[in-house]
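Structure, as structure tokens:
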Amino acid sequence: MIQDIAAAVIWCLALCLLPDLKRRKDKSILVAALTIATALTLNVDSIYIAGDHVLGSRNLLDLIANIFMVVGIYFLSRAILRAADVSETVDIHSRAGLSVLGIVVVALIVSFSLVDAPRTSTAFMRDFGSQWPAAVYSSVQFLYIGVVVAITGFTCFRFRGEMARPYFRVAFVLIGLGCALAVVVVLAVLGMNILHLLGELEAMTRLSYVYDAALVGAMVFLCVGLALPPVARRLERRSDARAAAVLVERLFGVWDRITSERSEIRLDLAQTTIDRHDAPQRRLHRMLVEIQDALFVDPHLAQSLSQNDLDVLREAERHLGTRLAAMGRRPLWLSRKGDTTP
């Protein structure tokens, strides 16, 4: 049941990330979500039993799922570290991390090959964890995960205050909390491995409750934290697009009047009417540029601007967050009537 919940949560994250696939240059976070979701899905009992039967009923699917998991954790960490710190050291650490990942995968394969697991088991460590190779197999995986998420969580808390947007700061806190709970998961697994080797099955069972609760909590915090920025950005773009569309309508009269004598540079509204959230922003920016160009060529046109026209131009410029006048010169439309001096 826990695996089903965790898999569902991470697949929801993947669905939240898919709409931004074309916009996103670094796709590490999506790769991580899909890889981890695949790993968790392979561990769902019905899927595991059917898949392992196809592979010869030797629990090879457990090895495959665990390899997917450590690969997904690597890409997850790389994506978060890049978002937090854009310095070149992150890329250096990524290359080193890739080497460590390779060593971990080899260690998993070698230790798994030494485990005597002659039948399909949906509870691999419960059934075979009394063997030293099985304990090593599990511990290598979770030690790697623990180190990676600990570094990632520390980085999130360290850089959360440097994020410009509030939703990024909240997201980094949530991811940091998720990483902290993931460390609890790792400690619980290592404890269960030791207790199993010692034959303390009752204590191991009690510790498994901590594992279950921490795993669900870690997944929820991580997925909400990772999904928050893309969802917030989409909502922000839609809000900006609606505001820009209103400003385009309000600015149309000024633009039409100022640029009527310069048809060669006028905006082709038909060509810019496309089904994209940033279309109104592009139209608004283009209209402001054309107005500025027209006023630069013929400063006397500024005398035709009313106070309402000036207010609309200021609002449009403030909305775009940019200054169209070059090199610190005030926009020509801000000149008073009769004063066309830049």
Among the residues of the stretch 159-169, are any under 26 Å from A50 (Cβ atoms) and not in a helix (DSSP H, G or I)? no
Return the residues of the stretch 296-324 that are modelled with pLDDT under 80 and surrounded by 17 or more Cβ atoms within 10 Å (Cβ to Cβ); say none if nothing qualifies. L301, A302, L324
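Out of the residues in the stretch 111-137 meeting the condition of being part of a helix (DSSP H, G or I) and in contact with a Phe, Trp or Tyr (Cβ under 6 Å, 6 or more places away or on another chain), tell me which one is surrounded by the most Cβ atoms within 10 Å (Cβ to Cβ).
Narrowing the stretch 111-137 to residues part of a helix (DSSP H, G or I): 111-113, 124-128, 132-137.
From what is left, the residues that are in contact with a Phe, Trp or Tyr (Cβ under 6 Å, 6 or more places away or on another chain) are 111-112, 134, 137.
Values: S111: 21, F112: 24, A134: 23, Y137: 28.
Ranking the candidates gives Y137 first.
Hey, among R242, R169, R206, which residue is under 29 Å from F157 (Cα atoms), surrounded by fewer than 17 Cβ atoms within 10 Å (Cβ to Cβ) and not assigned by TED's automatic domain parsing to the domain that holds V289? Steps first, please.
On the way: R242 fails: under 29 Å from F157 (Cα atoms); R206 fails: under 29 Å from F157 (Cα atoms).
Unique residue meeting the criteria: R169.
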Identify, by number, the condition in (1) under 19 Å from I29 (Cα atoms); (2) in contact with a Phe, Trp or Tyr (Cβ under 7 Å, 6 or more places away or on another chain); (3) of a type in the set (S, T, Y) that T152 doesn't meet. (2)
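Only one residue in V147, V184, V216 is under 21 Å from A32 (Cα atoms), modelled with pLDDT under 90 and among the hydrophobic types (A, V, I, L, M, F, W, C). Which one? It would help to see each step written out before you state the result.
On the way: V147 fails: modelled with pLDDT under 90; V184 fails: modelled with pLDDT under 90.
It is V216.
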Kindly provide the set of residues from the stretch 149-187 that are under 19 Å from C223 (Cβ atoms) and among the β-branched types (V, I, T), ordered by number. V149, T152, T155, V170, V173, I175, V183, V184, V185, V186
Does the stretch 1-51 hold any residues that are under 18 Å from the mean Cα position of the chain (by Cα), part of a helix (DSSP H, G or I) and without any contact (Cβ under 8 Å) to a residue 12 or more places away in the chain, and which are they? A8, L15
Any residue in the stretch 189-200 that is part of a helix (DSSP H, G or I) and closer than 24 Å to V173 by Cβ? no
Identify, from the list A33, A39, A65, the residue that is crowded, with 20+ Cβ neighbours inside 10 Å, modelled with pLDDT under 90 and closer than 24 Å to V148 by Cβ. A33
Which count do you get for residues in the stretch 225-239 that are buried (at least 17 other Cβ atoms within 10 Å of the Cβ) and either closer than 19 Å to V148 by Cα or touching a Phe, Trp or Tyr at 6+ places or on another chain (Cβ under 7 Å) (or both)? 4
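Pick from A188, A213, A180: which is free of Cβ contacts under 8 Å to residues at least 40 places away in the same chain and under 23 Å from P229 (Cβ atoms)?
Just a single option satisfies the conditions, and that option is A180.
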Of all residues in the stretch 213-248, count the ones that are more than 21 Å from the chain's Cα centre (by Cα) and under 29 Å from V185 (Cα atoms). 2
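The values are calculated or read from the model by the stated rules, or taken from the named source; none is laboratory data. In this text the structure is predicted, and so the values were computed from the model without any measurement. Here the Cβ is made from the backbone with ideal geometry for all residues, glycine too, and neighbour counts use every protein chain on show.
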